[in-house]
Amino acid sequence: MKHGLSNLFRHRGLIQSLVTRELKARYRGSVGGYLWSFLNPLLLLLVYTIVFTTVFTPPRAQGADIEPYPLFMFCGLLPWTWFAASLTDAANSLITGGNLIKKLIFPAEVLPVVSVLANGVHYLLGLPVYLIAWFIFKPQGLSVHVLWLPLVLFTQLILSLGLGLILAALAVHFRDIRDILANTLTLWFFLTPIIYSRAFIQALAEEENASWVPKVVARVLDLNPMTHVIDGYHLSIFEGSLINWKRLPVTLAVAFLVLIVGYWFFDRLRDSFPEEV
Amino acid sequence: MAATSHVPLAPVVRVVNVDKRYRKVAHAHRFLTLKSAIVGGDLFKALAPSEVFTALDGVSLDISHGETLGVIGSNGAGKSTLLKIIAGTAKPTAGTVTVDGTISALIELGAGFHPEISGRENVFINGIMLGLSRRQVAERFDDIVSFAELQDFIDAPVKTYSSGMYMRLGFSVAVHIEPDVLLIDEVLAVGDEAFVHKCLDKIAEFKRRGKTILLVSHSLESVRRLCDRVVWMKDGSIEQAGDPPKIIDAYLQWVARKEEGELAAGYERRSAAAEIGTAADAPGAGDKSATGSLDGAGTAVGAQEPTGAGSGEAPYEAGRWGSQQVLIDQVRLLDAQGAQHYVFACGDPMTIELTLRAKEEVDDFAVGIGVFNTDGVCCYGTNTDIERLGAGKLLGTAIVRMEIPELNLIEGTYYLDLAVHRIDGYPYDYQRGLTQFRTTSTIADIGVARLPHRWSFEGGIEWKKTTETGGDGSAT
C-alpha cells in the first residue's frame, strides 16, 4: 500500500498533465470554454432557487435551520455532483483509456485517479459561484469554521479515490457495473442528506410515535459515509459551526480503509486489464 | 557497473522461459461469473482463466547491449506478444523478463493522443506518459516537431490531422524519448516513402549510438538490412535464431513449403472432385452419358471452388468438360530434377507434364496450355497446332511435357488451362484452373512476365556497391 501511494506520487507529473488535458479537452471547441464550469452550477442554482422557493416549497424540509433552502441544498449538491461524476468517470476510465493500457507502458491506477481529480477541480471552479450567491443572500459573510472545509474535501477525495479504484477494476471485467452504478447513485443520492438535513430525519426518528421508516432511514444515514462528508460541508459552510469531531475523523479513517482495500483490489486485477479492455 | 569494461556486457533484455496464455471466456459466462463471484465471494478464482490460448510457450531470449534483433514469423506466431511482454504492457503467465534500462515501445503510434487538444499539448502529455519530465519534453519539443514535419500544424487539434500526420507525430515523440531499448512493432509501414526513409535513418542512428533495438516486422527486407540477429518465431516458440540471411532464408523456405502444401492439397481436392463424375460413369455406359457426367463434374468443381480454402480463388470459373475420348489423367509440375512442386522461383525451369489416355484412336487432336494470373489475364497460351506440330495419332497412354527453361513470371499465383481438343476446338478434355502454382521472387518487379534483361552503364553514372544481384537484376 505504501508502495502504491508512493507510486501515485511518482506519477504526479503524469496525473497533473492528464487532469489538465481532461479539463482542456472538455471545453475545447465550445465558445464558453471554462466559463461553463461557472455557468453550469450558476444556472442550476437559479433553477433550483426558482423551483424550491416559488413553485414547490418542500413543506417538511422547511425547518428554520435550512433557510435559505437553495443555499442549503447547493451546499451539498455541488460536492455530491463531484462524487457521483467521479465514480461514473472512474468506472469508465480504464475502458475509455484502454488504448493507453494496451499500447503504452502505463500505470493504470492513474486513470481513475485522474477522473476523481478532474471532477474535483470542477467542484472547486463551481465554488466561487456558490460564494457569490452566499454573499447575496447572507451579507454577513462566512463563519471562521469554513476553514475546516479542506479536511472535508480531503475526506471526500480519499473516499472517492478508493471507490473509484474498485469500480474501475470491476467495470473492466463486468461492464454491467456502469449501469448498476448509475442506479445505485440515484438511490444513494436520496439516502444522503442533500435535499433534506440529517437533523430533520433524526428528529423524525426520535419522535415518540415514529414509525419504523424514519428509524431505518436514520440508521442507514449514520452508516453512509457520504452522510458525514456532506454533513461536513453543511456544518463548515452553511451553518458556520464546528464540524462533527467524532464522525468526520471516523469517516476519514473509513475512507482510508476503502482506499487501501481499493488499491489492493486494483493491484490484484491489474495484469488482466490490458487483455480485457 | 564499474566492472563492465572487464566482463562481457550483460544482456539488456533477458527473457527466461516465458509462457503467455490468454484466457478465452465466452461473454455468455460473464453474468454467471459476476453472480458466482458475488454469491461465492471468490472473485479471483472466478476470474482465473478457464480456457486458454497459448501465445508464447517457453520462450527464452537474451538481447545484448547494442544489438539490433529482428523478430520474424507468420501471423499469430507470437511476435507481438513477445514484444508486449518485453515492453511490460503484458505480464508473462510464467517465466521472467528483466530489462536493464528504459524502454520505449513503438507498438501503436500516437496511442495516447487526445483528439480534441492541440498537437503541442499532446506532445507534452505523450512525452510525459512515455516517461519524460515536462522540462525534458520542452527541451526536445522543437526536434520532435521538425522531425514530424508538423511546424505549421502543431497548434491545431490532433483530430484535424491526417492519419499520416498523426503517425509521424507519434513516431517522432517515441524516438525522442531516447530510450536504452527501442521496441518497434511493424510501424514502418506508415507515412510516405520519404518519411519511412527518415524513420529508417533514425533507427540506424540509434544503432550507431549503441542502443538496443528489437524490431518486429513482416518486411524481411528491413529486417535483413537493419538487424544483427534474427529470431524466427513459430507457434509461440522460437524456431530458429541466428544470422539474418540464414534465418530469413530458412523462414522463406518454410513459407514456400507451407504454400506448396496448400497448393498440393488444393490440387488434390480439385482433381478428386473432378474425378467423381468420371469414376462413377466410366465403367458404366457409353459416351453420351459420360460427356454429360464430365460436364456435371465440371460444374461440381466450379461450385466447390468458392469454398475451396487456401490459396486464392480462380477469378474465372474453374472446371472440366469435354467428350472424354481423350482424358488428361494426371498433371504434374516438375522442377529441373523431375521432382514435383507447386512453388517455383522466378527464372527457374519448370516442366508441365500431362499424362493423356485415349480410349480409342484419334487422329485429330491438339494439346494446349494456357497460363492465367489471378486477375484472369492470360499470361501465355499456346497449343501444339499453333506451333505447327501436325497431329498423327493418339492411342492409349501418352505423356506430353512442355519444358520451360526459365519461368519468367513475376511473383504471384497462376492457374493453368490444360486441354486436349480437336483442331477445330471441340474439346476432348478441358481442365480450366484445376492446377495452380506460385512463383516467388526477391525482386518486386511488376507486370506479367519478367523480360530477360541486363543493365549496362557508361559515362558519369555510378552505383553504390550493393548485393551481388545488384548488377543485373534489381530494377528498383
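One table, with the values for the structure above:
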item: Among beta bridges that DSSP assigns inside region B:8-251, antiparallel share in %, nearest 5; result: 55 percent
item: 5 angstrom amide H check on B:Q330, placed H, neighbours 5+ away; result: B:T355
item: Derived scalar couplings ³J(HN,Hα) [region B:73-90; Karplus, 6.51 cos²θ - 1.76 cosθ + 1.60; whole Hz; x for Gly, Pro]; result: x, 6, 4, x, 7, x, 4, 5, 4, 4, 5, 5, 5, 5, 5, x, 7, 10
item: Calculated FRET value between A:F256 and A:K138, using beta carbons and R₀ = 30 Å, to 0.05; result: 0.30
item: Listed peptides B:321-332, B:236-247, A:211-222 by packing density, highest first (mean Cβ within 10 Å); result: B:321-332, B:236-247, A:211-222
item: Three-way shape call for region B:8-251 based on the alpha-carbon gyration tensor, with the a/c threshold at 1.5; result: oblate
item: For region A:238-245, 3J(HN,Hα) per residue [Karplus equation, 6.51 cos²θ - 1.76 cosθ + 1.60, θ = phi - 60°, Hz, x = Gly/Pro]; result: 6, 7, x, 10, 5, 5, 6, 5
item: Pairwise centroid distance, computed over Cα atoms, of region B:338-410 with region A:222-277, Å; result: 83 Å
item: Where labels lie 7 Å past Cα in the beta-carbon direction, separation of B:I461 and B:S60 in nm; result: 5.4 nm
item: Over chain A: Rg over Rh, Cα atoms, Kirkwood Rh; result: 0.99
item: For residues of B:112-120, the mean tally of beta carbons on other chains within 10 Å; result: 4
item: Potential lengthening between B:M402 and B:R208 on full extension [0.36 nm per residue; Cα-Cα distance subtracted]; result: 64.5 nm
item: Nitroxide proxy distance, nm - points 7 Å out along Cα→Cβ at B:R134 and B:D152; result: 3.2 nm
item: Inter-chain shielding of A:6-17 (mean C-beta neighbours from other protein chains, 10 Å cut-off); result: 2
item: Gain upon complete extension [A:R12, A:R178; 0.36 nm per residue less C-alpha separation]; result: 57.0 nm
item: Region A:98-155 and region B:142-221: distance between their alpha carbon centers, rounded to Å; result: 39 Å
item: Label-point separation in nm, A:W264 to B:E411, each point 7 Å along Cα→Cβ; result: 5.8 nm
item: Karplus-derived HN-Hα couplings along region B:126-138 (A = 6.51, B = -1.76, C = 1.60, θ = phi - 60°), whole Hz, x at Gly and Pro; result: 4, x, 5, 4, 7, x, 8, 8, 4, 5, 4, 5, 4
item: Radius 12 Å from Cβ of A:H228, net charge of other residues (Lys, Arg +1; Asp, Glu -1); result: +1
item: For peptides A:123-134, B:355-366, sequence by mean Cβ density within 10 Å, most packed first; result: A:123-134, B:355-366
item: Lys pairs, region B:8-251 - Cα-Cα below 15 angstrom, 8 or more residues apart or on other chains; result: 9
item: Average beta-carbon neighbours from other chains, 10 Å sphere, peptide A:20-28; result: 4
item: Cβ-Cβ FRET estimate between B:S163 and A:R26, R0 fixed at 35 Å, reported to 0.05; result: 0.90
item: Filtered GluC sites (Glu not before Pro), region A:204-244: DSSP coil and at most 15 other beta carbons within 10 Å; result: A:E207, A:E208
item: Simple Cβ-charge dipole of region B:8-251, Lys/Arg +1 and Asp/Glu -1, about Cα centre, in debye nearest 20; result: 760 debye
item: Long-range amide H partners of B:A345 with built H, under 5 Å; result: B:T440
item: Burial order of peptide ranges A:18-27, B:453-462 (average beta-carbon count within 10 Å, highest first); result: A:18-27, B:453-462
item: Placed amide H near B:R23: partners under 5 Å, 5+ positions off or other chain; result: B:F53
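Read the figures in this text as sums done on the coordinates, not as results from a lab. None of these values were measured; they are calculated from a predicted model. Note that each Cβ is placed from the backbone with ideal geometry, even for glycine, and that neighbours are counted across all protein chains shown.
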